[in-house]
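Please read the structure below before turning to the comments.
The values are calculated or read from the model by the stated rules, or taken from the named source; none is laboratory data. Bear in mind that the values here come from a model prediction, so they are computed numbers and not experimental data. Here the Cβ is made from the backbone with ideal geometry for all residues, glycine too, and neighbour counts use every protein chain on show. The protein model used for the area step is the full one, side chains on, heavy atoms only, and it has no ligands, DNA or RNA in it. Shrake-Rupley method; radii C 1.70, N 1.55, O 1.52, S 1.80 Å.
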Amino acid sequence: MRILLAAAALLAGHAEARTLTAGPGQAYATPSAAAAAAQDGDVIQVVPGEYFDCIATSRRITIQGPATLTDKACEGKAILVLKGAGSVVRDLTLARARVADGNGAGIRLEAQDATIERVRFDNNEVAVLGGSGRISMTGCDITASSAGMTAILVGDAALLELHDMRITITHGLILSSSAGMTTITGGTFDTADRGIELNGPATLDGISVTLRDDATVFARATAEGVTIRRSRLTNLTGKPVALLQDWAPGRPTLDQNQIGPGDQEVTTDGALRYRVSSTLHEAKDGLRDLARSAKHAVTGP
């Protein structure tokens, strides 16, 4: 009986999902007004147009266009601040997010699991920041990351999936991922600065990379379990470059990649310095923890 009641409640919840339309002449004048009225499972349909608006929500909702949200950040964080697990964003342009801390994002993820499809991130300080669980991005276009910033910054996610992305960065880093697993399939990546930092296992398959100006490497790996296969590197810097800078203790897997004459598929330059620095940091952290434990032992908690 309990199982039947739970199933009935679940079906009822799905049946109550609504589409809330936002825009001029619609039930809700702005996307944020529609989001404020939304419940879990609802769809915010934003009619075409440009909106100086942002959304912060704790609901599990879908936000979709085609439409542009620009020049406004909620909570001093992002154009979209998503706190509901399993949120979906598709067919939007998110532009010119700016905040006092300098890390204004197109999307700030503060819950588990998110799906981002065919979203254009234009001239934000950061495109996507945060997130946990499974984060999937498909067919997105990212341009003009601010100097020194990271276009996609993901820390504790279990899985980060990037499919058929188009990312062009003049300044800053394309991606920094410490996810339990990062997969990048297809897509084009063009940078005049830094490429991607992989601080966990990752698989890159069938991507096209162009390095320009000051770029020297595309991917840097600091953890074991990195595979790059069937990918092409185009070097427009005028100097030798590398597809992968390997700072991990184990060897990466490289298969069927295309690089130009004089360039390297993998380099270990800087690996020793990185490992020594990491060891020193770990030792300092260990001494700090030991000192803290000793203080508690003497004085009590």
Notebook entry, point to check: Among the residues of region 71-96, how many are small (Gly, Ala, Ser) and either within 13 Å of residue 56 (Cβ to Cβ) or modelled with pLDDT under 95 (or both)?
Noted result: 5
Item checked: Pairs where the first residue, in region 191-205, is under 21 Å from residue 171 (Cβ atoms) and open to solvent by less than 10 Å² (accessible area, probe 1.4 Å) and the second is among the aromatic types (Phe, Trp, Tyr) and at pLDDT 95 or above, C-beta under 9 Å, 6+ apart -> 191/218; 195/189; 195/218; 196/189; 196/218
Note to self: Filter region 75-96 down to the residues that are in contact (Cβ under 8 Å) with a residue 40 or more places away in the chain and either surrounded by 24 or more Cβ atoms within 10 Å (Cβ to Cβ) or part of a strand (DSSP E or B) (or both) and list them by number.
What the structure shows: 78, 79, 92
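Among the listed residues 301, 249, identify the single one that is modelled with pLDDT under 60, out of contact with any Cys (no Cβ under 8 Å at 6 or more places or on another chain) and part of a loop (DSSP other than H, G, I, E, B). Even if it seems obvious, please write down each step before you answer.
Details: 249 fails: modelled with pLDDT under 60.
Just one listed residue meets the conditions, 301.
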Checklist line | Complete set of residues in region 252-289 that are open to solvent by less than 100 Å² (accessible area, probe 1.4 Å), assigned to a loop (DSSP other than H, G, I, E, B) and modelled with pLDDT of 90 or more | finding: 252, 257, 259, 260, 262, 263, 268
Checklist line | Within region 213-251, considering residues that are acidic (Asp, Glu) and surrounded by fewer than 22 Cβ atoms within 10 Å (Cβ to Cβ), the one nearest to residue 201 (Cα to Cα) | finding: 224
Item checked: When residues of region 129-154 are limited to those that are closer than 18 Å to residue 193 by Cβ and surrounded by 24 or more Cβ atoms within 10 Å (Cβ to Cβ), the one modelled with the lowest pLDDT -> 145
Item checked: Residues satisfying the stated conditions in region 22-50, i.e. open to solvent by less than 40 Å² (accessible area, probe 1.4 Å) and assigned to a strand (DSSP E or B) -> 22, 43, 44, 46
